[in-house]
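Student: A single structure is presented below for examination.
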Amino acid sequence: MEERIATLRRILDGSAYTVALCGSGMMEEGGFGAIKGGDRAYEIEQKYGYSPDEIFTSGFYTARPMQFFEFYREEMLKNVPVATESGTAMAQMERAGKLQCTISSNIFEQGRRAGCQNIIYLHGSIYHNYCPKCGREYPMEYLRDAKGIPACESCGFPIRPGVYLYGEMVDSGLLSRAVDEIAKADVLLLLGTNLTSEVFGNYIKYFGGKYLIIIHKHSHYLDDTADMVFLDHPRNILPLLGYGEPEDH
């Protein structure tokens with residue numbers, strides 16, 4: 001393992017521009033289980049009478065706001081994943097000039113909370129909410145602590161969570177920024193995701209750089225097409241690169 005870590009460090013040290021794609025595995029290592037798959041999806045449907053695919057939509061938010069916010073509050077806002085060693089290591093990489101941009105599907109801002117600065121959040125954030133009628137903004141805590149439907153204090157309209165709901169189109173400006181960043185990368189890190197990711201699959205094709213590195217707990221049949229693969233949580237690999245340690249003089 002030490003030799004492979006040293007090889008990855010040499011690759012990053014030799015890169016003029018490195019971009020990281022952060023997928024659901026980053027939330028998983030912080031303690032948040034995916035709501036769409038497996039046992040959790042079944043439990044949600046049993047608890048609320050609807051599947052996550054039905055509840056977490058703009059149509060459900062509009063038609064059944066009470067049920068939507070019960071789900072959103074209990075399953076999302078009260079289960080915010082912690083910032084992990086991955087985020088700390090990525091912030092250290094940024095400061096060392098070894099990570100130029102992070103593109104994330106994470107709505108919980110784990111990277112920002114760990115100190116990362118240059119992040120594109122494709123799916124929005126639980127921390128930035130607004131009234132769709134008057135535009136007044138509200139923090140996450142306002143929605144989390146509200147009883148029933150969180151309403152705007154100015155006009156009484158239901159607050160709109162600042163995240164993209166299933167089926168909604170991601171802002172074209174964000175998409176363009178993400179594509180531009182990937183296209184100019186020498187090294188592309190896939191952290192907690194894989195080459196056929198539902199979120200990132202269409203972006204990866206724009207990468208024409210030198211090294212594609214996957215760090216993900218779960219193996220995938222296309223892993224062999226990457227230049228390096230670490231089958232582990234990013235939190236167990238990234239800190240080993242040592243970018244947080246002072247350099248010898």
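Taken together, the values in this text are just the output of simple stated rules run on the coordinates, not laboratory data. Note that this is a predicted model, so its numbers are computed, not measured. Backbone-built Cβ (ideal geometry, glycine too); neighbour counts: all protein chains shown.
Student: Would you please put 144-153, 214-223 in order of how densely packed they are, using the mean number of other Cβ atoms within 10 angstrom per residue and starting with the highest? Each step should come with its number before you reach the end.
Tutor: On the way: 144-153: 14.5, 214-223: 16.7.
Averaged packing, sorted descending, gives the order 214-223, 144-153.
Student: Related question: For the range 171-245, what is the per residue volume of the convex hull drawn over the alpha-carbon atoms, in cubic angstrom?
Tutor: Residue-normalised Cα hull volume stands at 110 Å³.
Student: If you don't mind, another one. So what does log10 I(q)/I(0) come out to for the range 29-173 at q = 0.12, 0.13 Å⁻¹, using the Debye formula with one equal point on every Cα and no solvent?
Tutor: Here log10 of I(q) over I(0) equals -0.55, -0.64.
Student: Of all DSSP beta bridges in the range 95-213, what percent run antiparallel (nearest 5)? Write out the running numbers ahead of the final one.
Tutor: Details: 5 of 11 bridges.
Here the antiparallel bridges make up roughly 45 percent for the range 95-213.
Student: For the range 97-249, what is the convex hull volume of its Cα atoms per residue in Å³?
Tutor: Value for the range 97-249: 165 Å³ per residue.
Student: Restricting the count to DSSP beta bridges whose residues both fall in the chain, what percent are antiparallel, rounded to a multiple of 5?
Tutor: Rounded to the nearest five, the antiparallel share is 20 percent.
Student: If you take every DSSP beta bridge whose two residues both sit in the range 17-157, what share of them, in percent to the nearest 5, is antiparallel?
Tutor: Numbers: 2 of 9 bridges.
Restricted to the range 17-157, the bridges split so that about 20 percent are antiparallel.
Student: Pick from ALA83, ALA178, ALA226 the residue whose mean-square fluctuation is largest in a GNM of the chain, springs joining Cα atoms under 10 Å.
Tutor: Looking only at ALA83, ALA178, ALA226, the largest GNM fluctuation is found for ALA226.
Student: Also, quick follow-up: Using the C-alpha gyration tensor of the range 1-105, what are the square roots of 5 times its eigenvalues, in whole angstrom, with the largest one first?
Tutor: The equivalent ellipsoid of the range 1-105 has semi-axes of 38, 15, 11 Å.
Student: Then there is this: Just to be sure I understand: with springs between alpha-carbon atoms less than 10 Å apart, which residue in THR102, THR88, THR196 has the highest mean-square fluctuation in the Gaussian network model of the chain?
Tutor: Sorting by GNM fluctuation, first place goes to THR196.
Student: Grab the beta carbon distance between ARG40 and SER219, set R0 = 30 Å, and tell me the FRET efficiency rounded to 0.05.
Tutor: The formula returns an efficiency of 0.90 here.
Student: Counting each DSSP H run of 4 or more residues in the chain as -39500 (n - 2.57), what helix-only mean residue ellipticity at 222 nm follows after dividing by all residues, to the nearest 500 deg cm²/dmol?
Tutor: That calculation yields -9000 deg cm²/dmol at 222 nm.
Student: Average the reciprocal distances over every distinct pair of alpha-carbons in the range 60-105, invert the result, and give the Kirkwood radius in Å.
Tutor: 13.4
Student: If you average the sequence gap of Cα pairs under 8 Å that are 6 or more apart and divide by the length of the chain, what percent do you get for the contact order?
Tutor: About 24 percent, as a whole number.
Student: In nm, to one decimal, how far is the modelled label at ILE149 from the one at SER172, with both set 7 Å along Cα→Cβ?
Tutor: 3.2
Student: I've got another one for you. How big is the convex hull of the Cα atoms of the range 99-142, per residue, in Å³?
Tutor: 79
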